[in-house]
DNA sequence: CGTCGGTTTGAATATACTCAAAGCCCGTGG
DNA sequence: CCACGGGCTTTGAGTATATTCAAACCGACG
């Protein structure tokens, strides 16, 4: 839990005291886009998808949250409305803090604020990179990047290769990489036929990691 | 200067003590992408363009910096390398702080860290929105959004309408909206013929603000 | 007056989208 | 245990949108 790194045991006890625990089943909406932002969350177990939709309903996936990461935190410090919605991918466990408690904690233990700056900084850099990619690269490269990021975040090493260990539809991959589910299907099918990846039951396994990296970097296929 | 908002006069004096002043002519590179990040900057006067380039040279404009904003700050708190380059658009004045001084200030006056969280949070939300736009909207709408954002940030109200008061090439607009300079040229020419905007000498003036907003929102033209 | 950076415009083309339809897999309920 | 239904995926055909490349143009500035 990066946010609370470097805190004293006492401070940690303090933060845990005012945390609330949530046990959530798969496909549960934790908050809606536009909701008044009341709580900040930390994922303990499972997976969460954060998506943003525009006025006419087009959605994009902002990110996937893996255990150990925070979500819904930024809104507390900006306009107090969640700018996106959060939905569990699988059965999950999360902790949450109220706005008041979180502010209190941050002023009492400034280290938390500093940690948060680092976290937000890294997320900012990641979105900026994704922005550059979508602005300049072919769909194929973007899809490769998307899978690599997911593998980095939630990759389980199996006998077959690296498995991304939460359920992933073509639609979600499309919404991550700024394309359509049809194009994703065509490309993943091609990769699967070539043996670089395996997909089954909404799980994707990268069999030839370095090959996917080559696609991401050179656009070679 | 949002970063130092809410500080006591003493604290402010402290921060100014360790600031360095830079007077820069137009088109000066302040730092390169990949440079070891040594200093955080605040723009006092002028304008700065932050662009990121990929391995094969494709560039995008991450943002334009207007007076009162910080830049080059995030890198100090992440991997210590600037993730983008900064170039002045016009003659400019900036302040800067060393990494050591900035850390020192932030621990002495935690309010600075909290302010920074707010700043980064808002920037994060903006990039995420731009990401959604580029992922889901037509080029025309994206260009409209780009101009509106610039007008918001650096709009001067003139007799003709709202003028974006720094120099802006077709190329830069293209790099903001994820398209080519040719497409930007075609679209801006069309808008100009219709009378929604005026461009001259790398300055863009929005004559019919609400019309441009309609394009941004509906894609109607 | 010439040059250089930026802009416009045309024609040809590619890339990825749209829409439609069929197929597959999985879990459910009979 | 098998059949059914629903969600997800695949695939094809046709097409739009925006890109690419080439060339001419414009205008500011030395």
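Test each condition in (1) at pLDDT 95 or above; (2) more than 13 Å from DNA strand C (Cβ to nearest atom) for residue A:144 and report the one that comes out false.
(2)
This table checks each residue for (1) over 25 Å from residue B:53 (Cα atoms); (2) in contact with a helix residue (DSSP H, G or I) (Cβ under 7 Å, 6 or more places away or on another chain).
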{"site": "B:153", "(1), (2)": "no, no"}
{"site": "B:156", "(1), (2)": "yes, no"}
{"site": "B:171", "(1), (2)": "no, yes"}
{"site": "B:180", "(1), (2)": "no, yes"}
{"site": "B:194", "(1), (2)": "yes, no"}
{"site": "B:197", "(1), (2)": "yes, yes"}
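Answer yes if at least one residue in the stretch B:33-41 is under 30 Å from residue A:139 (Cβ atoms) and more than 16 Å from DNA strand C (Cβ to nearest atom), and no otherwise.
Yes.
Evaluate the stretch A:15-26: report whether one residue or more is touching a strand residue (DSSP E or B) at 6+ places or on another chain (Cβ under 6 Å), part of a strand (DSSP E or B) and within 12 Å of another protein chain (Cβ to nearest Cβ).
No - not one qualifying residue is present in the stretch A:15-26.
Which condition from (1) under 24 Å from residue A:44 (Cβ atoms); (2) out of contact with any helix residue (DSSP H, G or I) (no Cβ under 6 Å at 6 or more places or on another chain) is the one that residue A:165 breaks?
Against the list (1) under 24 Å from residue A:44 (Cβ atoms); (2) out of contact with any helix residue (DSSP H, G or I) (no Cβ under 6 Å at 6 or more places or on another chain), residue A:165 comes up short only on (2).
Could you list, in sequence order, the residues of the stretch A:59-84 that are touching a helix residue (DSSP H, G or I) at 6+ places or on another chain (Cβ under 6 Å), closer than 17 Å to residue A:125 by Cα and facing chain B (nearest Cβ under 10 Å)?
Once the filter is applied, which keeps residues that are touching a helix residue (DSSP H, G or I) at 6+ places or on another chain (Cβ under 6 Å), closer than 17 Å to residue A:125 by Cα and facing chain B (nearest Cβ under 10 Å), the stretch A:59-84 yields A:61, A:62, A:74.
What are the residues in the stretch B:124-144 that are surrounded by 22 or more Cβ atoms within 10 Å (Cβ to Cβ) and away from every other protein chain (no Cβ under 11 Å), if any?
Scanning the stretch B:124-144 gives B:143, B:144.
Please specify each residue of the stretch B:34-61 satisfying the condition of being within 22 Å of residue B:130 (Cβ to Cβ), within 16 Å of the chain's Cα centre (by Cα) and part of a loop (DSSP other than H, G, I, E, B).
Correct list: B:47 only.
Does the stretch B:102-123 contain at least one residue that is within 16 Å of DNA strand D (Cβ to nearest atom), closer than 27 Å to residue A:56 by Cβ and either more than 9 Å from every other protein chain (Cβ to nearest Cβ) or in contact with a helix residue (DSSP H, G or I) (Cβ under 9 Å, 6 or more places away or on another chain) (or both)?
Checking the stretch B:102-123: not a single residue is within 16 Å of DNA strand D (Cβ to nearest atom), closer than 27 Å to residue A:56 by Cβ and either more than 9 Å from every other protein chain (Cβ to nearest Cβ) or in contact with a helix residue (DSSP H, G or I) (Cβ under 9 Å, 6 or more places away or on another chain) (or both).
Would you tally the residues in the stretch B:159-173 being within 16 Å of DNA strand D (Cβ to nearest atom), touching a strand residue (DSSP E or B) at 6+ places or on another chain (Cβ under 8 Å), away from chain A (no Cβ under 14 Å) and closer than 30 Å to residue A:137 by Cβ?
The number of residues fulfilling the criteria is 3.
So, in the stretch A:186-221, how many residues would count as being surrounded by 15 or more Cβ atoms within 10 Å (Cβ to Cβ) and near DNA strand D (Cβ under 8 Å from one of its atoms)?
Adding up the residues that qualify gives 3.
Tell me which of these residue A:63 doesn't satisfy, since it passes every other one: (1) at pLDDT 95 or above; (2) more than 21 Å from residue A:48 (Cβ to Cβ).
Looking at each condition in turn, residue A:63 falls short on (2).
Looking at (1) away from DNA strand D (no atom under 11 Å from the Cβ); (2) surrounded by fewer than 22 Cβ atoms within 10 Å (Cβ to Cβ), which one does residue B:176 not meet, given that it meets all the others?
(2)
The values are calculated or read from the model by the stated rules, or taken from the named source; none is laboratory data. Worth saying up front: this structure is predicted, and the values here are computed from it rather than measured. Because the Cβ atoms are built from the backbone with ideal geometry, glycine has one as well, and the counts that use them run over all protein chains shown.
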